[in-house]
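Take a look at the structure set out below.
A short reminder: the numbers here are calculations on the coordinates, not readings from a lab. Predicted, not measured: the structure shown is a model, and the values here were computed from it. Here Cβ is always computed from backbone atoms with ideal geometry, including for glycine, and neighbour counts include all displayed protein chains.
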Amino acid sequence: MTGDDQLPPTSRVRRGSELGKVAAHSVARRVRSRAAGVGATPDERRSRAELDALAAADELITVLGSMKGAAMKVGQFLSMMDLGMVPAHARDGFHRKLAILRDNAPQVSSETMLEVVRKELGSNMSHIESIDPAPIAAASIGQVYQARLIDGRDVAIKVQYPGIDRVVRADLKNLAMALRLYKGLLPTVDPQSFVREISGDMLSELDYRAEAANHRRLADRYAGHPFIQIPDVVESLCTSKVLTSELITGIPFDEITTLDADTRDQVGEVIYRFYCGSIHTDATFCGDPHPGNVMLADDGRVAFLDFGSCKTMSADARDLERRAVIAARAGDAAEVAQVLRQGQVLISEESIDDADVLSYVRDATWWHMDDAELTITPDIANGVMISAVHPATEYGSAAREQHFPEDNLIARRVEFYTCAMLGQLRATANWCRIEAEWLTGAEPETELGQIDLWWRRRTFSD
């Protein structure tokens with residue numbers, strides 16, 4: 001789409017038909033590939049598989065990107081982790097294409113979007129000196145514009161697409177059907193569960209006032225932090241459809257992945273501390289880790305953006321997390337099972353014994369449980385997710401019979417998505433020892449950990 005294109009269709013039928021095209025094209029491609037593979041050499045089949053994977057990425061960019069809403073959210077997820085969707089040798093090219101959905105999504109005309117800004121802000125438009133009509137970002141439910149206020153501050157104004165609430169609801173009704181038709185999209189995930197998870201995120205993200213409150217809480221929490229930056233919110237220029245915040249400039253995530261190993265390791269550690277550590281240290285955490293929300297700011301700190309999906313974990317849920325992980329680290333199968341029983345996670349006693357419970361937990365969390373330095377790769381990140389959700393794994397059927405409380409389920413998603421980002425960075429650390437800081441109060445061993453502890457003691461000593 002270009003800046004002159006119309007808004008995405010809101011009709012469930014029309015949007016369902018667009019999603020169906022992806023499935024139909026995929027089937028046709030597989031038939032052609034099988035025919036072309038007869039008598040082909042291994043190199044020829046490999047080349048054909050790569051072309052098919054990249055063609056699928058092009059379709060997803062065109063269809064999911066132009067549709068916005070929940071459909072585009074699937075593309076954003078796949079740009080981080082494919083769960084076996086494409087051959088390993090084609091994965092890098094596939095991810096590069098899908099990354100367009102994160103940071104350079106198709107655009108709705110600025111004339112339409114800026115009219116939304118004027119209507120929403122009313123007389124408060126007088127606080128804005130100028131707005132650049134070219135959007136600096138386009139995402140699943142809105143576009144972002146750079147502006148300057150009359151007081152000289154540069155800001156980012158996020159504007160919601162007109163009618164996107166109807167678009168999202170139409171998507172949510174069609175998405176499960178499309179995923180069933182196109183099983184290659186998410187071969188290891190139950191479509192209904194996946195759609196339910198997306199539904200909660202998307203519906204909460206429609207209210208920019210709630211997002212502004214989340215944003216403000218985290219901006220206050222990390223104000224003055226040495227290596228984490230949360231942009232300030234301009235509350236007078238926020239409504240249910242417009243959110244204005246301090247403009248952050250710097251290096252986007254995709255470029256960070258090309259930097260030297262030391263920089264990637266440091267950024268990776270900051271990402272891990274912010275997304276996973278805040279579950280334990282701050283209770284309130286961001287529920288939507290993905291590369292489009294991370295930037296290496298000009299001042300050297302790692303900036304985090306977009307807080308539409310923000311969760312506050314209950315004390316009981318945090319206690320369950322901490323006790324279960326500590327027991328799993330100790331290899332105490334009986335204690336892990338007991339903690340999960342008390343938390344009403346284990347509700348089908350016949351289908352899984354204590355040893356299997358421990359094995360299942362460790363298979364999905366080994367990367368931050370093993371006390372050793374580890375470089376996270378895309379293959380490791382994929383393997384972690386697959387071990388947790390693949391129906392064909394040793395524990396797949398038993399795990400589906402258990403009940404994971406919402407807070408803890410969201411925490412697992414944050415963990416998996418964070419691991420995917422670390423895989424793209426190929427970041428190296430002893431993740432186990434970093435996690436021990438917030439699990440057991442262990443003294444930090446990394447420079448960043450020591451700086452963070454110093455800052456927390458100074459800031460929250462009273």
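Of note:
- In order along the stretch 355-361, the Karplus-derived 3J(HN,Hα) couplings, from 6.51 cos²θ - 1.76 cosθ + 1.60 at θ = phi - 60°, round to 4, 5, 4, 4, 4, 4, 4 Hz, and Gly and Pro are given as x.
- The H on the amide N of A137, modeled in the peptide plane, is under 5 Å from the matching H of V144, each at least 5 residues off or on a different chain.
- A Förster radius of 22 Å combined with the Cβ-Cβ distance from N430 to Q342 puts the calculated FRET efficiency at roughly 0.15.
- Each residue of the stretch 447-452 was assigned a 3J(HN,Hα) from its phi angle through the Karplus curve 6.51 cos²θ - 1.76 cosθ + 1.60 (θ = phi - 60°); the sequence is 4, 5, x, 5, 5, 4 Hz, with glycine and proline shown as x.
- Potential extension, F460-L149 segment - 0.36 nm per residue separation minus Cα distance: 108.7 nm
- Each residue of the stretch 231-236 was assigned a 3J(HN,Hα) from its phi angle through the Karplus curve 6.51 cos²θ - 1.76 cosθ + 1.60 (θ = phi - 60°); the sequence is x, 5, 9, 9, 5, 5 Hz, with glycine and proline shown as x.
- Contour minus Cα-Cα distance for D260 and L453 (0.36 nm per residue): 66.9 nm
- Amide H contacts under 5 Å for C310: G287, restricted to partners 5 or more places along the chain or on a different chain, H placed in the peptide plane at 1.01 Å from N.
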